[in-house]
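The values are calculated or read from the model by the stated rules, or taken from the named source; none is laboratory data. All values derive from a computational prediction rather than experimental measurement. When we count neighbours, we look across all protein chains shown, and the Cβ atoms used for this are built from the backbone with ideal geometry, even at glycine.
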Amino acid sequence: MTEPVAPLRRRFVLAGLVSLSAIAFTSTAQSASNSIFPFIPDHYTFSTQQVQQAVARKFPLQRTASQIFDVVLSNPVVGMAPDRNRVTVRVDARLSTPFMPNPVIGAFTLSTQLAYDAPSRSVILVSPSVDDAQFSGDAGQYNQQIASVGAQLAAQLLDRYPIHTFKPEELQFAGVSYEPGTITVLTNGIRVQIVEK
């Protein structure tokens with residue numbers, strides 16, 4: 001009576017072991033497919049502070065715009081707008097023109113998309129636009145011109161500006177080349193997916 005039960009029990013245990021090893025192999029294969037391989041991350045994340053430091057290198061900036069406005073832009077403050085997948089930059093502005101007795105003080109808030117520029121291996125700001133312009137003093141009658149000046153300077157100042165440049169070794173491993181894929185703006189930084197070329 002015990003003899004037939006023992007082989008049956010052995011078969012049951014062996015079948016269980018085979019199932020467990022198959023499950024372990026499947027989960028290992030799935031986790032391996034989720035990342036490029038153990039030595040290359042499947043993404044890089046840049047904090048808001050890192051983006052702030054990159055953008056701050058561009059300021060202060062002094063320009064003449066539309067041949068009538070002398071503009072000084074300073075004190076950039078970077079923010080994240082994950083709901084729009086954009087980065088925001090608020091800058092203090094000081095505008096003077098012969099048409100106004102005193103300089104106008106205020107601020108522009110710009111927002112910009114992000115893209116990857118392959119030739120320079122850089123994540124860059126693209127298509128900046130002015131979301132808001134607030135000025136005090138005698139600026140009321142010139143609001144439209146000031147907003148136009150802001151849009152023009154934003155395009156010149158931040159369009160295609162690199163916020164991070166990858167080192168060659170960050171995008172190469174074992175003879176295989178990688179590149180940034182999807183770029184996602186988070187509440188506290190930017191996530192850049194890394195994919196095989």
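If we keep just the residues of the range 51-76 that are in a strand (DSSP E or B) and closer than 27 Å to residue 190 by Cβ, which is nearest to the chain's Cα centre (by Cα)?
76
Among the numbered criteria (1) surrounded by 15 or more Cβ atoms within 10 Å (Cβ to Cβ); (2) out of contact with any His (no Cβ under 8 Å at 6 or more places or on another chain), which single criterion is violated by residue 98?
With respect to (1) surrounded by 15 or more Cβ atoms within 10 Å (Cβ to Cβ); (2) out of contact with any His (no Cβ under 8 Å at 6 or more places or on another chain), residue 98 is out only on (1).
Taking residue 195, is it crowded, with 18+ Cβ neighbours inside 10 Å and closer than 23 Å to residue 85 by Cβ?
When the stated conditions are applied, residue 195 does not pass them.
If you go through the range 127-140 one residue at a time, do you hit one that is small (Gly, Ala, Ser), farther than 27 Å from residue 45 by Cα and touching a residue at least 60 places away in the same chain (Cβ under 8 Å)?
no
Tally up the residues in the range 43-84 that are loosely packed, with under 15 Cβ neighbours inside 10 Å and either touching a Gly at 6+ places or on another chain (Cβ under 6 Å) or at positive phi (or both), please.
5
Only one of (1) within 18 Å of residue 62 (Cβ to Cβ); (2) within 19 Å of the chain's Cα centre (by Cα) is not met by residue 114, so which one is it?
(1)
Could you please give the count of residues in the range 107-128 that are crowded, with 20+ Cβ neighbours inside 10 Å and in contact with a helix residue (DSSP H, G or I) (Cβ under 8 Å, 6 or more places away or on another chain)?
Within the range 107-128, residues that are crowded, with 20+ Cβ neighbours inside 10 Å and in contact with a helix residue (DSSP H, G or I) (Cβ under 8 Å, 6 or more places away or on another chain) number 5.
With 116, 178 as the choices, which residue is in a strand (DSSP E or B), outside the structural domain of residue 58 (by TED's automatic domain parsing), touching a residue at least 60 places away in the same chain (Cβ under 8 Å) and within 30 Å of residue 43 (Cα to Cα)?
Within the list 116, 178, the selection yields 178.
Could you tell me which numbered condition residue 154 fails, if it satisfies all but one of (1) under 22 Å from residue 180 (Cβ atoms); (2) in a helix (DSSP H, G or I); (3) touching a Pro at 6+ places or on another chain (Cβ under 6 Å)?
(1)
Restricting attention to the range 162-192, and to residues there that are aromatic (Phe, Trp, Tyr) and buried (at least 18 other Cβ atoms within 10 Å of the Cβ), which single residue is modelled with the lowest pLDDT?
Of everything passing the filter in the range 162-192, 178 is modelled with the lowest pLDDT.
How many residues does the range 77-106 hold that are outside any loop (DSSP other than H, G, I, E, B) and acidic (Asp, Glu)?
Qualifying residue count for the region: 1.
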